[in-house]
Amino acid sequence: MVTVSMEIQILFAGLLFLIGMVGFLVRRNIIFMLMSIEIMLNSAALVFVIAGSHWMQADGQVMFIFILTVSAAEVSVGLALTLQMYHHYKTLDADALRKLRDNKLNENL
C-alpha cells in the first residue's frame, strides 16, 4: 500500500482551495462562482478528513458530512436565486447585475 505524507495531502488541499479562490475572484458568472465555492468547501472538508485519519479519530469524517450537508443547502439556495436572477435580468454576469442595481438606485433619487 502506498502512503502519502500528511504534508503532501495538506498541500493538495491548499492547492484545491487556491484554485477555488482564483475561480471565484476571476470568473464573473454566478454559476462558476458557485462551483468555485463548492471547490473551496470540498478542500476544507478534505483537510478535516486528513486530520481525522492522521489522529485516528472519526471527527474528520463527521465534519466532512456536516460540510457536505451545508454545501448542498448552499447550492440549492444559490441555484434557486440564480434562476430567479436570470429570469428577471436575463444575465448571469455579476458585474452586469451590479450595474443594474446602480442604475435602479439612481432612478429612485
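Just so you know, all these numbers are worked out from the coordinates, no wet-lab data involved. Given the structure is predicted, the values throughout are model-derived calculations rather than measurements. Methodologically, a virtual Cβ is constructed for each residue, glycine included, from the backbone with ideal geometry; neighbour enumeration extends over all protein chains shown.
Side notes on the structure shown:
- Residue 21 within 18 Å of the chain's Cα centre (by Cα) and of a type outside the set (Gly, Ala, Ser): yes
- Residues that are over 11 Å from the mean Cα position of the chain (by Cα) and either within 30 Å of residue 94 (Cβ to Cβ) or not in a helix (DSSP H, G or I) (or both), drawn from the range 31-56: 45, 46, 47, 48, 55, 56
- Residue 90 vs. criteria basic (Lys, Arg) and at positive phi: yes
- Test for residue 30: is it in contact with a strand residue (DSSP E or B) (Cβ under 9 Å, 6 or more places away or on another chain) and buried (at least 16 other Cβ atoms within 10 Å of the Cβ): yes
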